[in-house]
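Note sheet for the following structure.
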Amino acid sequence: MIAPLVIGNWKMNMLVSEACDLALSLANNSFEGVDVVIAPPFTSIYPVSQIIKESRLGLAGQNFYSGSKGAYTGEISIEMLKDVGCSHVLIGHSERRQLFNECNENINRKVQLATQMGITAVVCVGETQRQREEGNTLDVIKDQLSKALVGLSGQSLAFVVIAYEPIWAIGTGINASPAQVVETHKFIRKFLFESQEFSENIEPRILYGGSVNAQNCKQLLCEEEIDGALVGGASLNFESFYAIIKSCVGA
Ligand code: PEP
């Protein structure tokens with residue numbers, strides 16, 4: 001059985017000193033049986049990497065640009081993320097899709113680049129409230145997934161994690177119910193096995209994200225279909241994030 005994976009997405013929060021304090025608190029505590037990854041903002045990635053390098057914590061970038069190097073003012077490459085110790089990167093988060101017009105083609109390019117580099121691509125998918133109400137959730141997920149993963153080889157797929165994040169649940173305090181998540185995760189798993197080149201020994205992890213806290217996390221992680229959580233707001237504070245991590249132990 002694979003350990004649950006919990007990723008803390010710190011988004012555009014915390015100055016370097018605050019990010020380092022939180023990373024140090026996490027690194028000084030044990031989380032046996034759970035894989036934990038933190039995604040600080042760019043300015044804090046390197047100092048945080050130095051703090052956590054002897055710990056079991058993994059490090060993720062929140063984004064990168066799909067060029068390799070050159071005249072792309074203001075951008076960061078996947079190689080730069082690898083250079084500062086990132087093992088994971090978030091791709092296609094709904095905030096990037098909605099606020100920065102990130103399209104499926106660009107998301108696919110990023111998934112290709114990250115996985116070729118041996119960095120785990122955490123591919124985020126999810127429906128809006130309206131899409132759910134109109135009964136289109138699974139079609140939306142299928143469309144996002146098929147476009148994000150097109151052209152990936154079996155080898156690259158070993159470096160893919162899917163995060164199902166219904167947009168209506170992100171930052172709202174309203175999490176999807178275990179039944180809603182299980183239904184969508186089952187669909188994602190079936191889709192991956194039927195249409196992609198997952199070999200039998202590649203077990204894709206499928207995480208849930210959207211207003212996760214320690215209470216709902218325990219409930220959600222009891223479900224076999226849910227392999228972990230992508231956590232936003234509740235990952236910004238040691239007590240709430242550590243409670244979430246602890247709630248996954250033995251799940
Ligand atoms: C997210 O933005 O990925 C997220 C899940 O946020 P929150 O936990 O705050 O809903």
Item to check | Charge dipole (debye, nearest 20) of the chain; +1 at Cβ of Lys and Arg, -1 at Cβ of Asp and Glu | outcome: 300 debye
Checklist entry - Fully extended, how many nm does the chain gain between Lys53 and Ser17 (0.36 nm per residue separation, minus their Cα-Cα distance)? => result 11.3 nm
Checklist outcome for this item: For the chain, the count of lysine pairs 8 or more apart or interchain whose alpha-carbon atoms are under 22 Å apart comes to 16
Checklist entry - Where Rh denotes the Kirkwood radius from the mean inverse Cα pair distance, what is Rg over Rh for the stretch 5-247? => result 0.94
Checklist outcome for this item: Here the gain from full extension of Glu134 to Glu223, 0.36 nm per residue of separation minus their alpha-carbon distance, amounts to 29.4 nm
Item to check | Under Karplus coefficients 6.51, -1.76 and 1.60, residue-wise ³J(HN,Hα) of the stretch 18-29 in Hz, glycine/proline x | outcome: 5, 5, 5, 4, 5, 4, 5, 4, 5, 5, 7, 10
Checklist entry - Expressed as a whole percent, how much of the Cα-Cα distance distribution for the stretch 198-251 exceeds 18 Å? => result 31 percent
Next on the checklist: Using the Cα centre of the stretch 5-247 as origin and beta-carbon charges of +1 (Lys, Arg) and -1 (Asp, Glu), tell me which of Ala229, Leu59, Ala163 is placed farthest towards the positive end of the dipole.
Outcome noted: Leu59
Next on the checklist: No solvent, one uniform scatterer per C-alpha: report log10 I(q)/I(0) for the stretch 1-83 via the Debye equation at q = 0.23 1/Å, two decimals.
Outcome noted: -1.11
Checklist entry - Rounded to the nearest 0.05, what FRET efficiency is calculated for Thr43 and Thr73 with R0 set to 22 Å and r the Cβ-Cβ distance? => result 0.85
Checklist entry - How long are the three semi-axes of the equivalent ellipsoid for the stretch 144-226, computed from the Cα gyration tensor as the root of 5 times each eigenvalue, in whole Å, largest first? => result 25, 13, 10
Checklist outcome for this item: Its Cα gyration tensor gives the stretch 77-164 an equivalent ellipsoid whose semi-axes in whole Å, largest first, are 24, 14, 10
Item to check | Ranking by accessible area, most exposed first, for Glu239, Glu127 with a 1.4 Å probe | outcome: Glu239, Glu127
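The values are calculated or read from the model by the stated rules, or taken from the named source; none is laboratory data. Please read all numbers here as calculations on a predicted model, not as lab measurements. Don't worry about glycine lacking a Cβ; one is built from the backbone with ideal geometry, like all the others, and counts go over all protein chains shown. Remember, those area values only see protein heavy atoms, side chains included, never the ligands or the DNA or RNA. Shrake-Rupley method; radii C 1.70, N 1.55, O 1.52, S 1.80 Å.
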